[in-house]
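The values are calculated or read from the model by the stated rules, or taken from the named source; none is laboratory data. No experiment lies behind these values; they were computed from the predicted model shown. Reconstructed Cβ throughout: ideal geometry from the backbone, glycine too, with neighbour counts over all protein chains shown. The protein model used for the area step is the full one, side chains on, heavy atoms only, and it has no ligands, DNA or RNA in it. Shrake-Rupley method; radii C 1.70, N 1.55, O 1.52, S 1.80 Å.
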Amino acid sequence: MLNVENKVIIITGASSGIGEATAKLLAANGAKVVLGARRTDKLEKLVEEIHASGGTAEFKAVDVTDREDVKAFIHFAKDKFGRVDVIFNNAGVMPLSPMNALKVEEWDNMINVNIHGVLNGIAAGLPIMEAQGGGQFINTASIGAHVVAPTAAVYCATKYAVWAISEGLRQESKNIRVTTISPGVVETELGSDITDDASKGFLQELRKTALTPDAIARAVLYAVSQPDDVDVNEVIVRPIRQMM
């Protein structure tokens, strides 16, 4: 029997892609999902869909780069359901470009969303989980945490940071589970903010063999559904044909 039913699971970046697919799958398995993103129109539609299928879901706008905003979001979930069992720090951006393009504002944005966003989720949720005696963080890294590709140096650096932060938190935690999800190429909106034409072409080529977001959602479900004394530390999910 899956260890998912009635768990309160918070998901950032929930308005599309991996976050959306995971929200649907976890709710279908009995979790109470609390969904956050900046696009509340999409969140509202997703929550309505989950309710129509008999699931439990709430939503709140959140900017993961704003520490106080994330704290308010996490406490919104706790106030609604009385506890926080899982925080899926999933929000991310990927504006690929070669280093010599010097798109420094895009570098800053990746650092703020991909690294600070995860840290803000941990800072808001860790005291709650420690007080209640347990919980789980799931952080979205990337295959880019393991393999660096041209145009992806800064993105890969942010995702390696997510891996390192997750591993450090795992080693420090006695009763909190920590999981890093490292997707390979997935067909999502990630990369829609690329402004470098050559990098757009590179991503288009990669996505000729992309997975659907449901593949990653199943990996999250697997990590969440294990018995409380089982900590799935990392899951890497690639398309079969992806070589790097």
When Arg83 is evaluated against the numbered criteria (1) out of contact with any Phe, Trp or Tyr (no Cβ under 7 Å at 6 or more places or on another chain); (2) open to solvent by 80 Å² or more (accessible area, probe 1.4 Å); (3) in a helix (DSSP H, G or I), which criterion, by number, is the only one it fails?
-> (3)
Consider Ile236 carefully, then state whether it is touching a residue at least 12 places away in the same chain (Cβ under 8 Å), among the aliphatic types (A, V, I, L, M) and crowded, with 22+ Cβ neighbours inside 10 Å.
-> no
Do we have Gly168 as open to solvent by less than 40 Å² (accessible area, probe 1.4 Å) and either touching a Ser or Thr at 6+ places or on another chain (Cβ under 7 Å) or within 17 Å of Gly121 (Cα to Cα) (or both) here?
-> yes
Residue count for region 135-186, restricted to those that are assigned to a strand (DSSP E or B) and hydrophobic (A, V, I, L, M, F, W, C) | 6
In a helix (DSSP H, G or I), crowded, with 19+ Cβ neighbours inside 10 Å and either of a type in the set (Phe, Trp, Tyr) or touching a His at 6+ places or on another chain (Cβ under 7 Å) (or both) - does that describe any residue in region 71-78?
-> yes
Residue that is farthest from Arg238 (Cα to Cα), among those in region 179-208 that are among the charged types (D, E, K, R) and in contact with a Ser or Thr (Cβ under 9 Å, 6 or more places away or on another chain) = Asp196
Looking only at region 149-182, count how many residues are at pLDDT below 95 and among the hydrophobic types (A, V, I, L, M, F, W, C).
-> 2
Among the numbered conditions (1) modelled with pLDDT under 95; (2) under 18 Å from Ala219 (Cα atoms); (3) surrounded by 16 or more Cβ atoms within 10 Å (Cβ to Cβ); (4) more than 13 Å from the chain's Cα centre (by Cα), tell me where Gly135 comes up short.
-> (1)
Within region 187-198, considering residues that are over 22 Å from Thr140 (Cα atoms) and either among the polar types (S, T, N, Q) or part of a helix (DSSP H, G or I) (or both), the one most open to solvent (accessible area, probe 1.4 Å) | Asp197
Can we say Gly121 is in contact (Cβ under 8 Å) with a residue 60 or more places away in the chain and surrounded by 24 or more Cβ atoms within 10 Å (Cβ to Cβ)?
-> yes
Pairs only if they're at least six apart or on different chains, beta carbon under 7 angstrom, first in region 53-65 and under 26 Å from His116 (Cα atoms), second among the basic types (Lys, Arg); list them, first residue then second.
-> Glu58/Lys80; Ala61/Arg38; Asp63/Arg38
